[in-house]
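Trainee: First the structure, then my questions, so here it is.
Only the coordinates and a few stated rules stand behind these numbers; no lab work does. This structure is a prediction, so every number in the text was calculated from the model and none was measured. Note: ideal-geometry Cβ built from the backbone for every residue, glycine included; neighbour counts use all protein chains shown.
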Amino acid sequence: MTRAREGAGPTRHNERRLRLVDGAGPVAADDRDASAREVDWSILMARSQDGNGAAYERLLTEVTPFLRARCSRRGIGQPDIEDTVQDILLTLHAIRATYDPTRPFGPWLVAIANRRIVDRLRRQSRRNAINAALIPLTSGTVDGTEIAEGAIDRAKLVAELAQLPDAQRQAIQLLKLEEQTLRQASSTTGRSISSLKVLTHRAITRLRRVLIGEENH
Amino acid sequence: MTTTPELIATLASHPTPIRRYRPPVQRAVVWLSVSALLIGVIAIEHPLRPDLPTLLHQTPYLLTLCSALATGVLAAIAAFLLSVPDRSRLWGFLPLPPMGLWLSSVGYQCLTHWVAIGPKGITLGQTADCFATLTLVGLPLGLAASLMLHHAARLDVAKVSLLASLAVSGMTAVAMSLFHPIDASVLILTFNVGSTAVLLGLGLFLGTRFRRDR
């Protein structure tokens, strides 16, 4: 805290206002450290707003590990953490004019981080759902090695395929597992192309509901 | 792919002083002053309704006018507060009590006066005139709110947009009740809040489709 205050040289007015975030009364050493760090960041942000590039670079570098930890704690997958941190930094940069140096920096940063984390979690869950539904059905074979970690296992998929009505199972077998064209499958089964499309769609919808629905519970 | 240290170096490489935003309530006051100024300018060009002195002594009229004004003022304050990341999201509920009062006292006359049948045949009714005033007041206020709140697009675009459109509706309703003999509240709310909701819904739909197609 002192290092930043000496370096920053805030005005008497700013110094008085910034001390408000220190809190009063006896506090634990960790709390004091966190509070001091927040004041540091408040000062660095105020200096960044005034056009000090070095202060800005130092601030962004110092908040990055905190943001990584927060992303990890909130359930962002390891491969997405760096992207999320960069999203947060870009948002912070875009709306840095909204920061008021007389207010604590922590809640401002955390609110931005939470917003981007929620966005990322939504994208992540959507992507997982699509991957889980499509990988086994489009991979050509029902080989467990091709299925992503955490997705549906082979035995379960085979069991659910066996539960499908005969016509739907035949459509999936010919079109998805044996990769026949609609025309070939039509001549094999004697069904029309549109009928095969409907059967495949119903089978996939049912499998998705059963497999993903179960996974979500 | 850019690494995080590279991104930080890029962001910090062009240090330019930026102008800090004033506190949200102050910014809301600026927007409300623009609204008052606009209504004042229109009052110079457009005569006030002739029965206004009488109406100012009638409770139902005063109730509608005051609740619309309170809705506009509080919705503007809430929109500016929510456009800043570290303010409580509960501020979004601020305009709800006066809005409830306003909605309980509005009439729907403007929705029924689109055409008038008279000696000259079918002509445009008072609703058409209402619509012109509504656009004249609502458009500049909406534009001013968009400019002052554009940074919220990265934070909470739906809530801030709806609150801003509610603020525009409230202030437009105040203007209309001073100039027009029939109550246009339903038309105003439909026009402002409805169009914002449609745009937000469209954005959400297209965004979902776009992400699904990627």
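Trainee: With r defined as the distance between the Cβ atoms of A:S195 and A:Q124 and R0 fixed at 51 Å, what FRET efficiency is calculated, to the nearest 0.05? Don't skip to the answer; put the middle values down first.
Mentor: Numbers: r = 37 Å, r/R0 = 0.73.
The calculated FRET efficiency here is 0.85.
Trainee: Taking the Cβ of B:L149 as the center, what net charge do the other residues with Cβ under 15 Å away carry, scoring Lys and Arg +1 and Asp and Glu -1?
Mentor: Its environment carries a net charge of +4.
Trainee: Oh, and also: Which net charge results when you count Lys and Arg as +1 and Asp and Glu as -1 among the other residues whose beta-carbon is under 13 Å from that of B:S83?
Mentor: Local net charge: +4.
Trainee: Suppose R0 equals 35 Å. What FRET efficiency, 1/(1 + (r/R0)^6) with r the Cβ-Cβ distance, do B:V41 and B:H150 give to the nearest 0.05?
Mentor: Computed FRET efficiency for B:V41 and B:H150: 0.90.
Trainee: Counting only other chains, and only Cβ atoms inside 10 Å, what mean value do you get across the residues of A:76-88?
Mentor: The shielding value for this peptide is 1.
Trainee: Another question, then. How shielded is B:8-21 by partner chains, expressed as the average number of their Cβ atoms within 10 Å of its Cβ atoms?
Mentor: Mean shielding by partner chains, rounded to a whole number: 6.
Trainee: Using the Karplus equation 6.51 cos²θ - 1.76 cosθ + 1.60 (θ = phi - 60°), what ³J(HN,Hα) coupling, rounded to whole Hz, does each residue of segment B:132-144 give in order, writing x for Gly and Pro?
Mentor: Result, ordered by residue: 5, 5, 4, 5, 4, 8, x, 5, x, 5, x, 5, 4 Hz.
Trainee: If each residue's Cβ is checked for other Cβ atoms within 10 Å, how do B:M171, B:M176 rank with the fewest at the top?
Mentor: Values: B:M171 30, B:M176 24.
Lowest to highest Cβ neighbour count: B:M176, B:M171.
Trainee: Another one. On average, how many beta carbons from a partner chain sit within 10 Å of the beta carbon of a residue in A:51-63?
Mentor: 4
Trainee: What is the order of A:S72, B:S169, fewest Cβ neighbours within 10 Å to most?
Mentor: The fewest-first ordering by Cβ neighbours comes to A:S72, B:S169.
Trainee: Sticking with this structure for a sec: Quick one: order A:T91, B:T10 by neighbouring beta-carbon count within 10 Å, fewest to most.
Mentor: B:T10, A:T91
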